[in-house]
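Just below is one structure, and these are the notes that go with it.
The values are calculated or read from the model by the stated rules, or taken from the named source; none is laboratory data. Here the structure is a predicted model, which is why all the values come from computation and not from measurement. As a convention, Cβ positions derive from the backbone with ideal geometry for all residues, glycine included, and neighbour counts pool all protein chains shown. Note: areas computed on protein heavy atoms with side chains; ligands, DNA, RNA excluded. Shrake-Rupley method; radii C 1.70, N 1.55, O 1.52, S 1.80 Å.
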Amino acid sequence: MISKRHPSNGSNIGRRVFTSGRKRHTLQHLKLQVARRRIPARAWGWGVLITFILMTIMQGCASAPKRNPLPQNMSKEAQIPGYSKNIRYWGDGPPPYMEKWYTASQAEIVHHFPDIMGREQIYLAISGGGANGAYGVGILSGWTAAGTRPEFAMVTGISTGALIAPFAFLGPDYDAELKEAYTTLTDKGVYKKRGGLATLRMDAATDDAPLKAHIAKYIDQKKIEAIAVEHRKGRRLFIGTTNLDAIRPVLWNIGSIAASGRPDAVELIRTILLASASIPAIFPPQYIQVEADGQRYDEIHVDGGTVTQAFLYPMGMDWRIIKKRLKVKGTPRAYIIRNSRLAPDWVSVNPPKTLTIAGRAAESMIRSEGIGDLYRIYLESMRDGLGYYWTAIPDDFDMKSKGMFDPQYMQKLVEVGYRRAKSGEAWKTTPPGFKVK
């Protein structure tokens, strides 16, 4: 709780009595004086002021949601009530159903993947990047305009990439709607700021109601039904979140959820998309209800970019077996859209304040993580015999955004992505800085 003696001024804080100069005030008296504007804050002294602020926060009504977190020893049993366990799995290990690829009969394989058997396969991974996701939107529409955009056998998305992925999965008919969803977005359309000091006792600095409404507007029942149809053909859509209790990536099979026919499927998918895009501490995490041993618990899920900026499939999967069982024609190709610039962005950290330093450090980690993901997917592709292609925002794009979500900035990024994809100049075949002799 609170120490009884303050080492610097001798105030008996255990009794909530404060000394400022010659006057002694109880906490209640101080509150009353502030309310009457009789004591300016500058007259208190920093020790008294900070103590008062902390006490106010402690006594405030705003607080983080109460949880019933899933115990670690039940994590293997936990599943979303009413759904198969196969709608999700850890992203840093082989999926639990990998063994079935070895043991299933050919008839079973054909049943689950009827329209992609014996065909060429193209995969698409879309990274995080916030407003920079507009680049990926432009890439997709430019690809369509070039007349070379394939139908993807599998699409994956993280963070802003999670919001793009359903549209990319459903195909070019949704390009215009996707562009509208990104180029009309503003800060007010994504979040509402929460009040001052109360945020220290809550689960985020903002209210995500606007983003939740935005997702609900574009991810409707009709799109979920369309995703279900494609899933039954054998195509797959995966979204990544981070389980913050376990600090592990979770991959969600969105098509399987959509095809479940459950009335809560739309809401669950929206929650997963929102979780994948929920930057920790800025946006609230999503509390997803699970069941284990007949009891209900919750899991806390945040931005998938917390652990990885992009993914194709877990390293533990042997894609060579999958290619063989699906009788894939030719060499499968993997495309990665990295919604970010990769070149370091020089910004003088001056003045070197706490938040400025923390912000730049976070930017550095995200940049390095994104480059590492490109190398990891490259290794996967080389091991499993896949063609490898990636694109990122060009280093010479130097326009600055006027906010977290600036429509003019995003429109310009759409145009850059569109132009590069249409001309064919967007794609590279080795990771940044890596050369093959």
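Observations, loosely collected:
- Condition broken by Thr308, with the remaining ones in (1) over 19 Å from Pro95 (Cα atoms); (2) polar (S, T, N, Q); (3) in contact with a helix residue (DSSP H, G or I) (Cβ under 7 Å, 6 or more places away or on another chain) satisfied: (1)
- Conditions (1) surrounded by 23 or more Cβ atoms within 10 Å (Cβ to Cβ); (2) over 20 Å from Pro69 (Cα atoms); (3) among the acidic types (Asp, Glu): number failed by Asp264: (1)
- If you check Ile336, Ile366 for being within 26 Å of Leu185 (Cα to Cα), under 21 Å from the mean Cα position of the chain (by Cα), at pLDDT 95 or above and hydrophobic (A, V, I, L, M, F, W, C), only one passes: Ile336.
- When restricted to residues that are closer than 26 Å to Met317 by Cα and either hydrophobic (A, V, I, L, M, F, W, C) or buried (at least 20 other Cβ atoms within 10 Å of the Cβ) (or both), the stretch 393-437 contains 4.
- Tyr191 vs. criteria under 29 Å from Ile371 (Cβ atoms), in contact with a Leu (Cβ under 9 Å, 6 or more places away or on another chain) and open to solvent by 30 Å² or more (accessible area, probe 1.4 Å): yes
- Residue match in the stretch 112-128 (condition: surrounded by 15 or more Cβ atoms within 10 Å (Cβ to Cβ), under 29 Å from Gly372 (Cα atoms) and hydroxyl-bearing (Ser, Thr, Tyr)): yes
- Verdict on Glu99 being modelled with pLDDT under 95 and in contact with a strand residue (DSSP E or B) (Cβ under 6 Å, 6 or more places away or on another chain): no
- Scanning the stretch 371-392 for residues that are of a type in the set (Gly, Ala, Ser) and open to solvent by less than 20 Å² (accessible area, probe 1.4 Å) returns Ser381, Gly387, Ala392.
- Looking across the stretch 151-179, just one residue is outside any helix (DSSP H, G or I) and either open to solvent by 30 Å² or more (accessible area, probe 1.4 Å) or at pLDDT below 95 (or both), and that is Glu151.
- Filter pass, Arg338 being buried (at least 19 other Cβ atoms within 10 Å of the Cβ), within 23 Å of Gly91 (Cβ to Cβ), touching a Ser or Thr at 6+ places or on another chain (Cβ under 9 Å) and among the basic types (Lys, Arg): yes
- Test: residue in the stretch 341-349 that is outside any loop (DSSP other than H, G, I, E, B) and either open to solvent by 40 Å² or more (accessible area, probe 1.4 Å) or at pLDDT 95 or above (or both): yes
- When each of Thr144, Thr148 is tested for being under 15 Å from Tyr335 (Cβ atoms), open to solvent by 30 Å² or more (accessible area, probe 1.4 Å) and in a helix (DSSP H, G or I), the lone residue that passes is Thr144.
- Scope the stretch 206-223; condition in a loop (DSSP other than H, G, I, E, B) and under 17 Å from the mean Cα position of the chain (by Cα); matching residues: Asp208, Ile219
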